[in-house]
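To start, the structure itself, in structure tokens.
The values are calculated or read from the model by the stated rules, or taken from the named source; none is laboratory data. Bear in mind that the values here come from a model prediction, so they are computed numbers and not experimental data. Note that each Cβ is placed from the backbone with ideal geometry, even for glycine, and that neighbours are counted across all protein chains shown. Side chains are part of the model used for accessible areas, which takes the heavy atoms of the whole protein and leaves out ligands, DNA and RNA. Shrake-Rupley method; radii C 1.70, N 1.55, O 1.52, S 1.80 Å.
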Amino acid sequence: MKLLRHGPKGQEKPGLIDAAGTIRDLAAHVDDIAGAALLPENLARLAAIDPASLPAVPEGTRLGPCVGRIGKFICIGLNYADHAAETGAAIPAEPIVFNKWISAICGPDDDVEIPRGSVKTDWEVELGVVIGKGGRYIDEADALSHVAGYCVVNDVSEREWQIERGGTWDKGKGCDTFGPTGPWLVTPDEAGDVDNLQMWLDVDGRRFQTGNTSTMIFKVPFLISYLSRFLSLQPGDVISTGTPPGVGMGQKPQVYLKGGEVMRLGIQGLGEQRQHVVRA
Ligand code: ZN
């Protein structure tokens, strides 16, 4: 199942995309793709609906973030061996954990704003993991039973604010529009082998990032188990699991967004995003 949220910002309604690529409205069956709707029994109930019985949503309708009311947006830094190498950073002994403020979350094709005063706004295509069943002290062996699905995330980052301004990374990670999420949440049965998914990102048609989840240092089950030692995971939390090589900071010379560009990014089987870059 590919679940999504469609409609104007702040008024998104639940939906799915059927096998033919038509968006279908789920508002008669669930209030939102959020919270308890992501529990296994509720996803099973949605999966039993015949998509052909659902009203079609007009083409061109905006998509919102594929999960509503996200409680926590947790990110993992330097989680690809080949990306750590391009940044000159050592491979971390334990996952680097930081947060994206939830006000950063936006739809997959919404404009990305370069914040005022930014000179180093950068991109990061990432595999997002959406929590279904919550928990604390989750065993690694049981971790995947806590996953509602997977999605594409662009972990947009301001490098100067992240790295050169002191404190944690959060200042450069949580700006408004720095978290495009979607286009859809793909349930695990349709997501394929999440340890072997191609991922890519283009800016103005130039391919910058090419990677594969196979070079992730800390894999999804470990990350879920690890995080659950420090906090409880809840339905609708999102974990963004790090980026492969090809970020702007890793170019020689470095390349940053100036405004006016178009970013396109995607992950095999999980869909694509497309954002215009504008100045705030
Ligand atoms: Zn990242």
Would you check if there is a residue in region 94-103 being open to solvent by 50 Å² or more (accessible area, probe 1.4 Å), more than 13 Å from the ligand (Cβ to nearest atom) and of a type in the set (Ser, Thr, Tyr)? yes
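Residues Val129, Val112, Val125: which one is open to solvent by less than 10 Å² (accessible area, probe 1.4 Å), farther than 21 Å from Gly250 by Cα and within 16 Å of the ligand (Cβ to nearest atom)?
None of the other options fit; the residue is Val129.
Give region 192-223 a look and list any residue that's of a type in the set (D, E, K, R), surrounded by 15 or more Cβ atoms within 10 Å (Cβ to Cβ) and within 13 Å of Glu124 (Cα to Cα), or say none.
The first filter runs over region 192-223 and keeps only residues of a type in the set (D, E, K, R), leaving 193, 195, 202, 204, 206-207, 219.
When the remaining residues are screened for being surrounded by 15 or more Cβ atoms within 10 Å (Cβ to Cβ), the result is 202, 219.
Within region 192-223, just Asp202 meets the criteria.
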Given (1) buried (at least 18 other Cβ atoms within 10 Å of the Cβ); (2) closer than 25 Å to Ala104 by Cβ, Val57 misses just (2)
Going through region 1-23 one residue at a time, which ones are among the β-branched types (Val, Ile, Thr) and in a strand (DSSP E or B)? Ile17, Ile23
Need the failing condition index for Trp169 against (1) within 16 Å of the ligand (Cβ to nearest atom); (2) more than 18 Å from the chain's Cα centre (by Cα); (3) open to solvent by 10 Å² or more (accessible area, probe 1.4 Å), just the number. (2)
What are the residue pairs meeting all of these: first residue in region 27-41, first residue closer than 13 Å to Arg5 by Cα and open to solvent by less than 60 Å² (accessible area, probe 1.4 Å), second residue assigned to a helix (DSSP H, G or I) and among the polar types (S, T, N, Q), Cβ atoms under 8 Å, and 6 or more apart or on different chains? Val30/Asn42
Would you mind stating whether Pro253 is away from the ligand (no atom under 16 Å from the Cβ) and free of Cβ contacts under 8 Å to residues at least 12 places away in the same chain? yes
Selection from region 24-57 of residues within 23 Å of Gly135 (Cα to Cα) and in a helix (DSSP H, G or I) yields Gly35, Ala36, Ala37, Leu38, Pro40, Glu41, Asn42, Leu43, Ala44, Arg45, Leu46
Filter region 245-270 down to the residues that are surrounded by 21 or more Cβ atoms within 10 Å (Cβ to Cβ) and within 14 Å of the chain's Cα centre (by Cα) and list them by number. Leu265, Ile267, Leu270
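Based on this model, can you work out whether Thr181 counts as modelled with pLDDT of 95 or more, away from the ligand (no atom under 16 Å from the Cβ) and within 19 Å of Asp32 (Cα to Cα)? Please lay out each step first, then the result.
Numbers: modelled with pLDDT of 95 or more: yes; away from the ligand (no atom under 16 Å from the Cβ): no; within 19 Å of Asp32 (Cα to Cα): yes.
No; evaluated as a whole, the condition is false for this residue.
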Could you figure out which of (1) over 16 Å from Asn154 (Cα atoms); (2) within 16 Å of the ligand (Cβ to nearest atom); (3) not basic (Lys, Arg) isn't true of Leu38? (2)
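Before we move on, is Ile74 within 12 Å of the chain's Cα centre (by Cα) and surrounded by 14 or more Cβ atoms within 10 Å (Cβ to Cβ)?
Against the criterion (within 12 Å of the chain's Cα centre (by Cα) and surrounded by 14 or more Cβ atoms within 10 Å (Cβ to Cβ)), Ile74 qualifies.
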